[in-house]
1. Among all the aspartates and glutamates, which ones have a C-alpha under 16 Å from residue 95's C-alpha, if same-chain residues fewer than 8 places away are not counted?
2. What distance in nm separates the simple spin-label points at residue 120 and residue 144, each placed 7 Å from Cα in the Cβ direction?
3. Can you tell me the length gained on complete extension of the stretch residue 166 to residue 113, counting 0.36 nm per residue apart and subtracting the Cα distance?
4. Quick one: accessible area per residue over the chain, 1.4 Å probe, rounded to a whole number of Å²?
5. Per residue of the chain, what 222 nm ellipticity follows from adding -39500 (n - 2.57) for every DSSP H run with n ≥ 4, rounded to the nearest 500?
6. If you put +1 on each Lys and Arg Cβ and -1 on each Asp and Glu Cβ, how big is the dipole of the chain around its Cα centre, in Debye rounded to 20?
7. Working out 0.36 nm times the residue gap between residue 1 and residue 59, then minus their Cα-Cα distance, what length gain in nm do you get to one decimal?
8. Over the chain, what percent of the accessible surface lies on carbon and sulfur atoms, probe 1.4 Å?
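The values are calculated or read from the model by the stated rules, or taken from the named source; none is laboratory data. It should be emphasised that the depicted structure is a prediction, and the values quoted were computed from it without experimental measurement. Here the Cβ is made from the backbone with ideal geometry for all residues, glycine too, and neighbour counts use every protein chain on show. Ligands, DNA and RNA are stripped out before the accessible areas are found, and what is left, the full protein with its side chains, is counted by its heavy atoms. Shrake-Rupley method; radii C 1.70, N 1.55, O 1.52, S 1.80 Å.
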Amino acid sequence: WARALALAENRPDHCVFTTTHNAERHPHFKWVEPLLSGRTLLIRKTGASVNPQNLVEARQLRVGATRGDFTADLLNAKEFKRIDLAADFNLTLKKLMLGRIDLMPIAEDYYVKLRREGTEIEKVLVLSEQIYSLACNKAVPDEEIAKMQKALDELIADGTQATLLNKY
């Protein structure tokens, strides 16, 4: 993920689909949005003894995140100190299931998918709400960004975006 962001930031005509539009990333890209909106949850392994009631309590625990993912930045911004970074999401999830970390952030829709598949995880807290966007290199011509934004706006207006989100 960190590599994909670096490519989009440093190579003309590159974009990343999808990425979170946040304050740290805002000045580095041109944006086409909203592709979708969502919430990020903090989860634990089902039955784990840790049960923070708020973010202040959660900050005291070991929290895993993916290196280069917006969730790592989010945890830092929210003053989490015990962050365990891994190369990818699946490794972080494995650490959670093995008890090597107490909590991990996850997109709410992916949490629902994993639960449906039988992954023994449970929601603890809402960490954030965000907009997911297409982040493009600043050298992408404004006309191209405008075309993409217009096409997205049309997909939203005619209901196609909602249909696709529900289907996939």
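1. Straight-distance partners of residue 95: 84, 120, 122.
2. 4.9 nm
3. Details: separation 53, 0.36 × 53 = 19.08 nm, distance 1.27 nm.
Extra length available between residue 166 and residue 113 comes to 17.8 nm.
4. Numbers: 9640 Å² over 168 residues.
Each residue of the chain exposes 57 Å² on average to a 1.4 Å probe.
5. Working: 7 runs with 64 residues, N = 168.
Theoretical 222 nm ellipticity from helices: -11000 deg cm²/dmol.
6. On the way: 24 positive and 23 negative charges, 161 e Å.
Approximately 780 debye in magnitude.
7. Working: separation 58, 0.36 × 58 = 20.88 nm, distance 2.44 nm.
Residue separation times 0.36 nm, minus the Cα-Cα distance, leaves 18.4 nm.
8. Values: 5030 of 9640 Å².
With neighbouring chains kept in place, the figure for the chain is 52 percent.
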